[in-house]
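One structure is given here, and the rest of the page talks about it.
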Amino acid sequence: MHGRLKLRPPDAARRRQREEKLRLYREAMDTLLGEPLPDQVLSLTGSVLAANPDVGTCWNLRRRVLGALGGDWVPSELSFVGQCLGVNPKSYGAWHHRGWVLARAPPAGREDLALCERLLAADPRNFHAWEHRRTLVARQDAEAELAFAGDLLSRDFSNFSAWHHRLRLLAPSRDCGAGGGGALPPQRMKEELELVQNAVFTDPTDQSAWVYLRCILSRAPPPPRVICVHVDREDATVAVVFSRPVKVDPECPELTVRKSVVRFWVNFGWILVFLGSQPELSQVAAEALPRILGEFWESPNPDPKSWFVLEALLEALGEGVQPWLPQVLPRISGALESPRGRELGLSALHALGEPQKIS
(Lines give C-alpha, C1' and ligand atoms only; values in the text may rest on other atoms or scores of the structure.)
Protein backbone atom coordinates (compact mmCIF):
# COMPACT_ATOMS: atom_id res chain seq x y z
CA MET A 1 0.00 0.00 0.00
CA HIS A 2 1.11 3.56 -0.58
CA GLY A 3 2.62 5.32 2.41
CA ARG A 4 3.80 2.08 4.07
CA LEU A 5 7.34 0.82 4.19
CA LYS A 6 7.95 -2.44 2.42
CA LEU A 7 8.73 -5.13 4.99
CA ARG A 8 11.83 -7.11 4.14
CA PRO A 9 12.90 -10.34 5.84
CA PRO A 10 15.94 -10.14 8.03
CA ASP A 11 19.28 -10.37 6.24
CA ALA A 12 19.90 -13.84 7.62
CA ALA A 13 16.55 -15.15 6.40
CA ARG A 14 17.08 -13.60 3.00
CA ARG A 15 20.50 -15.18 2.78
CA ARG A 16 19.05 -18.59 3.61
CA GLN A 17 16.46 -18.19 0.85
CA ARG A 18 19.14 -17.34 -1.70
CA GLU A 19 21.25 -20.28 -0.60
CA GLU A 20 18.28 -22.63 -0.92
CA LYS A 21 17.51 -21.37 -4.43
CA LEU A 22 21.13 -21.78 -5.42
CA ARG A 23 21.18 -25.36 -4.06
CA LEU A 24 18.04 -26.31 -5.98
CA TYR A 25 19.42 -24.69 -9.16
CA ARG A 26 22.69 -26.59 -8.94
CA GLU A 27 20.94 -29.90 -8.28
CA ALA A 28 18.65 -29.36 -11.27
CA MET A 29 21.51 -28.39 -13.58
CA ASP A 30 23.63 -31.36 -12.46
CA THR A 31 20.74 -33.67 -13.29
CA LEU A 32 20.05 -31.98 -16.64
CA LEU A 33 23.69 -32.17 -17.71
CA GLY A 34 23.67 -35.91 -17.01
CA GLU A 35 21.34 -38.29 -18.88
CA PRO A 36 17.84 -37.50 -17.60
CA LEU A 37 14.61 -38.91 -19.02
CA PRO A 38 12.53 -36.67 -21.32
CA ASP A 39 9.81 -36.16 -18.73
CA GLN A 40 12.45 -35.28 -16.16
CA VAL A 41 14.01 -32.73 -18.55
CA LEU A 42 10.70 -30.98 -19.05
CA SER A 43 10.00 -30.91 -15.33
CA LEU A 44 13.42 -29.64 -14.25
CA THR A 45 13.75 -27.05 -17.01
CA GLY A 46 10.25 -25.86 -16.18
CA SER A 47 11.24 -25.30 -12.56
CA VAL A 48 14.45 -23.46 -13.43
CA LEU A 49 12.96 -21.30 -16.16
CA ALA A 50 9.93 -20.36 -14.09
CA ALA A 51 12.34 -18.77 -11.60
CA ASN A 52 14.86 -17.43 -14.15
CA PRO A 53 13.82 -17.39 -17.84
CA ASP A 54 17.32 -16.33 -18.96
CA VAL A 55 19.02 -19.72 -18.61
CA GLY A 56 19.69 -20.52 -22.26
CA THR A 57 20.90 -24.07 -21.58
CA CYS A 58 17.48 -25.03 -20.22
CA TRP A 59 15.71 -23.66 -23.29
CA ASN A 60 18.04 -25.64 -25.57
CA LEU A 61 17.48 -28.88 -23.65
CA ARG A 62 13.76 -28.27 -23.65
CA ARG A 63 13.67 -27.76 -27.43
CA ARG A 64 15.68 -30.94 -27.96
CA VAL A 65 13.13 -32.99 -26.03
CA LEU A 66 10.08 -31.28 -27.54
CA GLY A 67 11.41 -31.78 -31.07
CA ALA A 68 11.40 -35.55 -30.55
CA LEU A 69 8.19 -35.62 -28.54
CA GLY A 70 4.90 -36.58 -30.15
CA GLY A 71 1.46 -35.26 -29.41
CA ASP A 72 0.08 -31.75 -29.36
CA TRP A 73 2.37 -30.01 -26.88
CA VAL A 74 2.19 -26.57 -28.55
CA PRO A 75 -0.68 -25.00 -26.52
CA SER A 76 0.79 -26.00 -23.15
CA GLU A 77 4.26 -24.83 -24.20
CA LEU A 78 2.94 -21.45 -25.33
CA SER A 79 1.19 -21.10 -21.99
CA PHE A 80 4.43 -21.93 -20.15
CA VAL A 81 6.42 -19.38 -22.17
CA GLY A 82 3.75 -16.79 -21.40
CA GLN A 83 4.28 -17.41 -17.68
CA CYS A 84 8.04 -16.99 -18.10
CA LEU A 85 7.48 -13.70 -19.91
CA GLY A 86 5.43 -12.60 -16.94
CA VAL A 87 8.57 -13.03 -14.83
CA ASN A 88 10.83 -11.23 -17.34
CA PRO A 89 9.02 -9.62 -20.30
CA LYS A 90 12.36 -8.92 -22.02
CA SER A 91 13.88 -12.38 -21.78
CA TYR A 92 15.73 -13.11 -25.02
CA GLY A 93 15.57 -16.86 -24.44
CA ALA A 94 11.82 -16.88 -23.78
CA TRP A 95 11.02 -14.86 -26.91
CA HIS A 96 13.29 -17.00 -29.06
CA HIS A 97 11.67 -20.15 -27.73
CA ARG A 98 8.19 -18.80 -28.39
CA GLY A 99 9.15 -18.09 -32.00
CA TRP A 100 10.52 -21.62 -32.30
CA VAL A 101 7.26 -23.09 -31.00
CA LEU A 102 5.10 -20.97 -33.32
CA ALA A 103 7.18 -22.08 -36.31
CA ARG A 104 5.99 -25.62 -35.63
CA ALA A 105 2.37 -24.68 -35.07
CA PRO A 106 -0.51 -23.39 -37.20
CA PRO A 107 -0.58 -19.62 -37.76
CA ALA A 108 -0.81 -17.79 -34.48
CA GLY A 109 -4.22 -16.53 -33.56
CA ARG A 110 -5.49 -13.67 -31.49
CA GLU A 111 -3.78 -15.05 -28.37
CA ASP A 112 -0.29 -13.94 -29.35
CA LEU A 113 -1.47 -10.51 -30.43
CA ALA A 114 -3.26 -10.14 -27.10
CA LEU A 115 -0.05 -11.13 -25.30
CA CYS A 116 1.87 -8.41 -27.15
CA GLU A 117 -0.83 -5.88 -26.34
CA ARG A 118 -0.65 -6.69 -22.61
CA LEU A 119 3.13 -6.44 -22.54
CA LEU A 120 3.13 -3.20 -24.53
CA ALA A 121 0.51 -1.74 -22.22
CA ALA A 122 2.90 -2.41 -19.32
CA ASP A 123 6.00 -1.20 -21.22
CA PRO A 124 5.41 0.56 -24.57
CA ARG A 125 9.13 0.26 -25.42
CA ASN A 126 9.42 -3.52 -25.08
CA PHE A 127 11.19 -4.07 -28.41
CA HIS A 128 10.83 -7.87 -28.09
CA ALA A 129 7.05 -7.52 -28.12
CA TRP A 130 7.19 -5.11 -31.07
CA GLU A 131 9.39 -7.43 -33.15
CA HIS A 132 7.20 -10.42 -32.30
CA ARG A 133 4.10 -8.51 -33.28
CA ARG A 134 5.67 -7.45 -36.60
CA THR A 135 6.42 -11.08 -37.34
CA LEU A 136 2.81 -12.05 -36.63
CA VAL A 137 1.29 -9.40 -38.91
CA ALA A 138 3.94 -9.54 -41.67
CA ARG A 139 1.54 -11.20 -44.14
CA GLN A 140 -1.65 -9.55 -42.94
CA ASP A 141 -3.37 -6.36 -43.96
CA ALA A 142 -1.37 -3.42 -42.64
CA GLU A 143 -4.42 -1.20 -42.06
CA ALA A 144 -5.44 -2.92 -38.82
CA GLU A 145 -1.90 -2.68 -37.49
CA LEU A 146 -1.66 0.97 -38.49
CA ALA A 147 -4.83 1.57 -36.50
CA PHE A 148 -3.24 -0.20 -33.51
CA ALA A 149 -0.14 2.00 -33.70
CA GLY A 150 -2.34 5.06 -34.14
CA ASP A 151 -4.28 4.14 -31.00
CA LEU A 152 -1.08 3.93 -28.97
CA LEU A 153 0.08 7.26 -30.37
CA SER A 154 -3.22 8.89 -29.47
CA ARG A 155 -2.48 7.99 -25.84
CA ASP A 156 1.14 9.09 -25.94
CA PHE A 157 2.65 10.92 -28.93
CA SER A 158 6.10 10.42 -27.39
CA ASN A 159 6.00 6.67 -28.04
CA PHE A 160 9.07 6.29 -30.27
CA SER A 161 8.44 2.56 -30.66
CA ALA A 162 4.93 3.12 -32.03
CA TRP A 163 6.27 5.67 -34.56
CA HIS A 164 8.96 3.20 -35.61
CA HIS A 165 6.40 0.40 -35.91
CA ARG A 166 4.23 2.59 -38.10
CA LEU A 167 7.17 3.45 -40.34
CA ARG A 168 8.07 -0.24 -40.68
CA LEU A 169 4.51 -1.02 -41.74
CA LEU A 170 4.85 1.57 -44.50
CA ALA A 171 8.17 0.11 -45.65
CA PRO A 172 8.93 0.29 -49.40
CA SER A 173 8.64 -3.48 -49.77
CA ARG A 174 4.88 -3.20 -49.17
CA ASP A 175 4.45 -0.72 -52.02
CA CYS A 176 6.90 -1.95 -54.65
CA GLY A 177 4.62 -4.79 -55.63
CA ALA A 178 1.94 -2.29 -56.60
CA GLY A 179 4.35 -0.32 -58.75
CA GLY A 180 4.81 2.39 -56.15
CA GLY A 181 8.60 2.16 -56.27
CA GLY A 182 8.68 2.77 -52.52
CA ALA A 183 6.89 6.15 -52.63
CA LEU A 184 3.78 6.59 -50.50
CA PRO A 185 0.49 7.23 -52.30
CA PRO A 186 -0.69 10.85 -51.99
CA GLN A 187 -3.67 9.96 -49.78
CA ARG A 188 -1.51 7.95 -47.37
CA MET A 189 1.07 10.75 -47.27
CA LYS A 190 -1.71 13.22 -46.40
CA GLU A 191 -2.95 11.03 -43.54
CA GLU A 192 0.55 10.62 -42.11
CA LEU A 193 1.20 14.36 -42.26
CA GLU A 194 -2.08 15.05 -40.47
CA LEU A 195 -1.04 12.61 -37.72
CA VAL A 196 2.30 14.37 -37.35
CA GLN A 197 0.54 17.74 -37.28
CA ASN A 198 -1.66 16.62 -34.37
CA ALA A 199 1.38 15.36 -32.50
CA VAL A 200 3.31 18.59 -33.04
CA PHE A 201 0.37 20.70 -31.90
CA THR A 202 0.12 18.57 -28.76
CA ASP A 203 3.79 18.88 -27.82
CA PRO A 204 5.99 20.89 -30.20
CA THR A 205 9.13 20.12 -28.20
CA ASP A 206 8.82 16.34 -28.41
CA GLN A 207 11.35 14.85 -30.85
CA SER A 208 9.49 11.68 -31.87
CA ALA A 209 7.03 13.34 -34.28
CA TRP A 210 9.78 15.43 -35.88
CA VAL A 211 11.95 12.37 -36.46
CA TYR A 212 8.99 10.55 -38.01
CA LEU A 213 8.24 13.57 -40.20
CA ARG A 214 11.77 13.55 -41.60
CA CYS A 215 11.51 9.84 -42.36
CA ILE A 216 8.08 10.07 -43.96
CA LEU A 217 9.05 13.00 -46.17
CA SER A 218 11.83 10.88 -47.62
CA ARG A 219 9.06 8.60 -48.93
CA ALA A 220 7.34 11.39 -50.87
CA PRO A 221 7.26 11.00 -54.67
CA PRO A 222 10.24 12.77 -56.28
CA PRO A 223 9.47 15.83 -58.42
CA PRO A 224 9.27 15.15 -62.16
CA ARG A 225 12.34 15.83 -64.28
CA VAL A 226 12.34 17.12 -67.84
CA ILE A 227 13.73 14.38 -70.09
CA CYS A 228 13.19 15.84 -73.52
CA VAL A 229 11.76 19.02 -75.13
CA HIS A 230 10.60 19.09 -78.75
CA VAL A 231 9.66 22.41 -80.41
CA ASP A 232 7.70 22.72 -83.66
CA ARG A 233 7.90 26.38 -84.71
CA GLU A 234 5.63 25.85 -87.69
CA ASP A 235 2.77 24.53 -85.57
CA ALA A 236 3.74 26.71 -82.58
CA THR A 237 3.70 23.66 -80.28
CA VAL A 238 6.03 22.38 -77.60
CA ALA A 239 6.19 18.72 -76.48
CA VAL A 240 7.79 17.98 -73.09
CA VAL A 241 8.66 14.47 -71.84
CA PHE A 242 8.88 14.07 -68.05
CA SER A 243 10.43 11.35 -65.93
CA ARG A 244 6.98 10.28 -64.68
CA PRO A 245 3.33 10.97 -65.55
CA VAL A 246 2.32 14.57 -64.81
CA LYS A 247 -1.28 15.67 -64.40
CA VAL A 248 -1.89 19.25 -65.50
CA ASP A 249 -4.96 21.01 -64.17
CA PRO A 250 -6.52 23.10 -67.00
CA GLU A 251 -7.45 25.80 -64.50
CA CYS A 252 -3.98 25.91 -62.96
CA PRO A 253 -1.49 24.36 -65.36
CA GLU A 254 1.96 23.47 -64.17
CA LEU A 255 3.43 24.54 -67.52
CA THR A 256 2.57 28.13 -68.41
CA VAL A 257 3.19 30.12 -71.56
CA ARG A 258 3.81 33.82 -70.84
CA LYS A 259 3.76 36.23 -73.77
CA SER A 260 4.71 33.58 -76.31
CA VAL A 261 7.89 32.57 -74.46
CA VAL A 262 8.23 29.13 -72.91
CA ARG A 263 11.02 28.74 -70.36
CA PHE A 264 12.27 25.35 -69.19
CA TRP A 265 14.99 24.93 -66.63
CA VAL A 266 16.95 21.80 -67.45
CA ASN A 267 20.32 20.52 -66.34
CA PHE A 268 22.33 22.69 -68.71
CA GLY A 269 20.50 25.99 -68.23
CA TRP A 270 17.71 28.10 -69.68
CA ILE A 271 16.24 27.23 -73.05
CA LEU A 272 14.12 29.97 -74.58
CA VAL A 273 11.71 28.95 -77.29
CA PHE A 274 10.14 31.91 -79.10
CA LEU A 275 6.66 31.55 -80.56
CA GLY A 276 4.45 34.22 -81.99
CA SER A 277 4.82 37.48 -83.90
CA GLN A 278 7.92 39.69 -83.96
CA PRO A 279 6.44 42.60 -81.95
CA GLU A 280 5.54 40.21 -79.11
CA LEU A 281 8.98 38.64 -79.15
CA SER A 282 10.74 41.99 -79.09
CA GLN A 283 8.80 43.09 -76.04
CA VAL A 284 9.51 39.92 -74.09
CA ALA A 285 13.20 39.86 -75.14
CA ALA A 286 13.60 43.44 -73.92
CA GLU A 287 12.26 42.34 -70.52
CA ALA A 288 14.62 39.34 -70.31
CA LEU A 289 17.82 40.95 -71.61
CA PRO A 290 18.75 42.85 -68.40
CA ARG A 291 18.77 39.61 -66.47
CA ILE A 292 21.16 37.84 -68.81
CA LEU A 293 23.39 40.91 -69.01
CA GLY A 294 23.55 40.88 -65.24
CA GLU A 295 25.01 37.38 -65.42
CA PHE A 296 27.69 38.70 -67.76
CA TRP A 297 28.68 41.47 -65.35
CA GLU A 298 28.76 39.10 -62.37
CA SER A 299 31.03 36.54 -64.03
CA PRO A 300 34.14 37.38 -66.09
CA ASN A 301 33.73 34.14 -68.05
CA PRO A 302 30.03 33.30 -68.45
CA ASP A 303 29.29 29.71 -69.41
CA PRO A 304 28.10 28.84 -72.94
CA LYS A 305 24.44 28.68 -71.93
CA SER A 306 24.50 32.40 -71.08
CA TRP A 307 25.87 33.16 -74.54
CA PHE A 308 23.19 30.95 -76.04
CA VAL A 309 20.45 32.88 -74.28
CA LEU A 310 22.05 36.22 -75.23
CA GLU A 311 22.12 35.14 -78.88
CA ALA A 312 18.45 34.14 -78.77
CA LEU A 313 17.47 37.45 -77.18
CA LEU A 314 19.40 39.50 -79.74
CA GLU A 315 17.69 37.66 -82.58
CA ALA A 316 14.30 38.27 -80.99
CA LEU A 317 14.92 41.99 -80.47
CA GLY A 318 15.44 42.67 -84.17
CA GLU A 319 15.52 46.44 -84.75
CA GLY A 320 14.95 46.98 -81.04
CA VAL A 321 18.53 46.02 -80.27
CA GLN A 322 19.81 49.61 -80.82
CA PRO A 323 19.33 50.87 -77.22
CA TRP A 324 21.20 47.83 -75.88
CA LEU A 325 24.29 48.07 -78.08
CA PRO A 326 26.36 50.15 -75.58
CA GLN A 327 26.02 47.29 -73.07
CA VAL A 328 26.22 44.36 -75.50
CA LEU A 329 29.12 45.33 -77.79
CA PRO A 330 31.79 45.75 -75.07
CA ARG A 331 31.06 42.28 -73.82
CA ILE A 332 31.25 40.80 -77.31
CA SER A 333 34.50 42.65 -77.98
CA GLY A 334 36.02 41.25 -74.81
CA ALA A 335 35.04 37.73 -75.81
CA LEU A 336 36.62 38.13 -79.26
CA GLU A 337 39.98 38.84 -77.62
CA SER A 338 39.87 35.51 -75.76
CA PRO A 339 40.60 32.26 -77.67
CA ARG A 340 38.04 30.47 -75.55
CA GLY A 341 35.26 33.00 -76.14
CA ARG A 342 36.00 33.95 -79.74
CA GLU A 343 33.53 31.46 -81.23
CA LEU A 344 30.81 32.44 -78.75
CA GLY A 345 31.38 36.14 -79.36
CA LEU A 346 31.25 35.71 -83.15
CA SER A 347 27.99 33.79 -82.84
CA ALA A 348 26.48 36.58 -80.71
CA LEU A 349 27.78 39.20 -83.15
CA HIS A 350 26.18 37.29 -86.00
CA ALA A 351 22.87 37.39 -84.11
CA LEU A 352 22.90 41.16 -84.47
CA GLY A 353 22.21 40.58 -88.15
CA GLU A 354 22.54 43.24 -90.87
CA PRO A 355 25.09 46.08 -90.50
CA GLN A 356 22.35 48.69 -90.25
CA LYS A 357 21.51 47.32 -86.81
CA ILE A 358 24.79 48.56 -85.41
CA SER A 359 25.37 51.55 -87.71
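Brief remarks on what is shown
- Within the range 132-160, considering residues that are more than 19 Å from the chain's Cα centre (by Cα) and among the acidic types (Asp, Glu), the one nearest to Glu111 (Cα to Cα): Asp141
- Selection of the range 216-233 for residues being surrounded by 14 or more Cβ atoms within 10 Å (Cβ to Cβ) and either at pLDDT 75 or above or not in a loop (DSSP other than H, G, I, E, B) (or both) yields Ile216, Arg219, Val226, Val229, Val231.
- Matching residues in the range 29-46 - criterion: being of a type in the set (A, V, I, L, M, F, W, C) and in a loop (DSSP other than H, G, I, E, B): Leu33, Leu37
- Residue match in the range 59-73 (condition: without any contact (Cβ under 8 Å) to a residue 60 or more places away in the chain, within 25 Å of Asn126 (Cα to Cα) and not charged (D, E, K, R)): yes
- Residues (over 26 Å from Ala114 (Cα atoms) and small (Gly, Ala, Ser)) located in the range 51-78: Gly67, Ala68, Gly70
- Hey, Val81 in the same structural domain as Ala114 (by TED's automatic domain parsing), assigned to a helix (DSSP H, G or I), of a type in the set (A, V, I, L, M) and closer than 17 Å to Leu115 by Cβ or not: yes
- Out of Pro124, Pro106, sole residue that is more than 26 Å from the chain's Cα centre (by Cα) and in a loop (DSSP other than H, G, I, E, B): Pro106
- For His128, the criteria (1) surrounded by 14 or more Cβ atoms within 10 Å (Cβ to Cβ); (2) at pLDDT below 90; (3) more than 20 Å from Ser76 (Cβ to Cβ) hold in every case but one, which is (2).
- Filter result for Pro106 (in the same structural domain as Pro36 (by TED's automatic domain parsing), in contact (Cβ under 8 Å) with a residue 40 or more places away in the chain and farther than 24 Å from Leu213 by Cα): no
- Every test in (1) under 25 Å from Leu37 (Cα atoms); (2) in contact (Cβ under 8 Å) with a residue 40 or more places away in the chain is passed by Glu77 save one, and that test is (2).
The values are calculated or read from the model by the stated rules, or taken from the named source; none is laboratory data. Note that the structure is predicted; figures quoted are calculated from it, not measured. FYI the Cβ positions are ideal-geometry reconstructions off the backbone, even for glycines, and counts take in every protein chain you see.
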